[in-house]
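As structure tokens, the structure follows; a few thoughts come after it.
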Amino acid sequence: MKESYKKILVAVDGSPTSTDAFYEALNIAERNEAKLFILTVVDYKFSIGDPAFINDALKFHLNNAEIELEQLIANSNVSQFDYETKIDSGNPKRKIIDYALENQVDLIILGATGRGAVEQALVGSTTAYVVNHANSNVMVVKS
């Protein structure tokens, strides 16, 4: 285990476990005086049909993700920290790994399960992927 963490990535998706992960990340960032990276990835793998509809649906989900992230930040003390936010779209598990590598984070924090029935049925497939492919430590938060 590292003695301290200087760059912490927390992945949030609006689910209760990701909210718990966010608050755990705040606690760890405070103890370590670390920079916090907050990432939301809108997964569009289940979008099928007319490309115009898919594009509109993606815009809708990105807008919702932005609103949820703004609310999460507004209801926390994250403004006391050095932090960055990013909202992206694509495959969440790969985006989390790529973002962690780009920013050379030394700890990734995420919830055990994500949002939605499909994700719950896959019970933490994103989490399992991140744990197995990350170059840094990973903390999984359970609710």
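The values are calculated or read from the model by the stated rules, or taken from the named source; none is laboratory data. Remember, it's a predicted structure, so these values are computed and weren't measured experimentally. Note that we place each Cβ from the backbone using ideal geometry, even for glycine, and neighbour counts take in every protein chain shown. Note: areas computed on protein heavy atoms with side chains; ligands, DNA, RNA excluded. Shrake-Rupley method; radii C 1.70, N 1.55, O 1.52, S 1.80 Å.
Give me the pairs: first residue in region 87-103 and in contact (Cβ under 8 Å) with a residue 12 or more places away in the chain, second residue open to solvent by 20 Å² or more (accessible area, probe 1.4 Å) and among the small types (Gly, Ala, Ser), beta-carbon distance under 7 Å, and six or more apart or on different chains, which are they?
Taking only residues 6 or more apart or on different chains, the pairs are ILE97/ALA134; ALA100/ALA134; ALA100/SER136.
Scan region 106-132 and report the pairs whose first residue is under 14 Å from GLY14 (Cα atoms) and among the polar types (S, T, N, Q) and whose second residue is at pLDDT 90 or above and open to solvent by less than 30 Å² (accessible area, probe 1.4 Å), with Cβ atoms within less than 6 Å and a gap of 6+ or a chain change.
Within 6 Å, the pairs are THR113/THR17.
Of the numbered conditions (1) modelled with pLDDT of 95 or more; (2) open to solvent by 50 Å² or more (accessible area, probe 1.4 Å), ASP50 satisfies every one except a single condition; which is it?
(1)
Do we find that GLU24 is acidic (Asp, Glu) and part of a strand (DSSP E or B) in this structure?
no
Name the single residue, out of those in region 55-104 being closer than 18 Å to TYR23 by Cα, in a loop (DSSP other than H, G, I, E, B) and out of contact with any Phe, Trp or Tyr (no Cβ under 9 Å at 6 or more places or on another chain), that is most open to solvent (accessible area, probe 1.4 Å).
ASN75
Sort through GLU3, GLU24 and tell me the only one that's surrounded by fewer than 21 Cβ atoms within 10 Å (Cβ to Cβ), farther than 19 Å from GLU66 by Cα and modelled with pLDDT under 95.
GLU3
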